[in-house]
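Step one of this worksheet: look at the structure below.
Just so it is clear, none of the values below were taken in a lab; they were calculated from the coordinates. If you're wondering where the values come from, they're calculated on a predicted model, not measured in any experiment. Cβ placement follows ideal geometry from the backbone for every residue including glycine, while neighbour counts extend to all protein chains displayed.
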Amino acid sequence: AWTLIKEGTNTVLKGTDHNFADLSQSNSWDDYIFKMRFKKISGFLQVNFKSNFFMPTEDVAHRYIVRFEESNQISLAKGLNEQKGIYNDLARGSVAFGGGWNTFELRVYGNTINIYINKSLAIKYKDTQNPFLSGKINFETGDDTEYLFDNVEIKLISAQDVVNP
C-alpha cells in the first residue's frame, strides 16, 4: 500500500487504499511542528496525532484527527474511545487545496493546536477538556484512495511558535 515512486525528478511516497504511515514508531512525542507536502489523486486523507492508537499497552485508544474533506474543508476531531467509536468534532476550517502539491503544517504545544494549509492558518484550537499531551503521529489514507507525500519534517516547538485561540 505504501511505495516510493518517481514524480518528475523527485522520489515521493505513494499511499493507496486504507492504510497508515506511522512516523513515530515506538516514540511518543509531546510538542512539535509536523510538515509535509501532499498531492491528492483520489479519496480521503487524515492525519492522526498525539495518538496512542497503536500502543498495545493502552486500555483506551485515543487520538486527534485532522480530516481533509472533499469540499475544501478540514476538520479537527478528538477520538475519545476508539474501541467504541466515540469522536468529538472540535473545529472546522475552509481552505484552498487543489489537485496539485499542497503544504500541511501542524503545530501542537501542550493543549494548543494550529493547522496550516499552504501557509494559511486554517484552525487554531485549545483543548481544555482532558487534552492529549503526547502520542504518536501518522497519516492515514482511506478506501479507494491515492495520495502522494513528500518533504515530511518534524521538529521541536516552543510556546511562541503557536497562535493561541
| said: At a threshold of 8 angstrom on Cα-Cα distance, excluding pairs fewer than six apart, so keeping six or more, what relative contact order does the chain reach in percent? | reply: 36 percent
| How much FRET efficiency would the formula 1/(1 + (r/R0)^6) give for Ser94 and Leu133, where r is the Cβ-Cβ distance and R0 is 41 Å, rounded to 0.05? | 0.90
| note | Across 10 Å bins beginning at 0, the whole-percent shares of Cα-Cα pair distances in the chain come to 10, 41, 38, 10, 0
| How far is the Cα center of the stretch 114-165 from the Cα center of the stretch 1-34, in Å? | 14 Å
| Viscosity 1.567 mPa s, temperature 4 °C, Stokes-Einstein D of the stretch 89-143 from Kirkwood C-alpha radius, µm²/s | 100 µm²/s
| query | Hey, can you rank 153-160, 38-45 by average C-beta count inside 10 Å, highest first? | reply | 38-45, 153-160
| remark: Summed over the other residues with a beta carbon less than 11 angstrom from that of Asp22, with K and R at +1 and D and E at -1, the charge totals 0
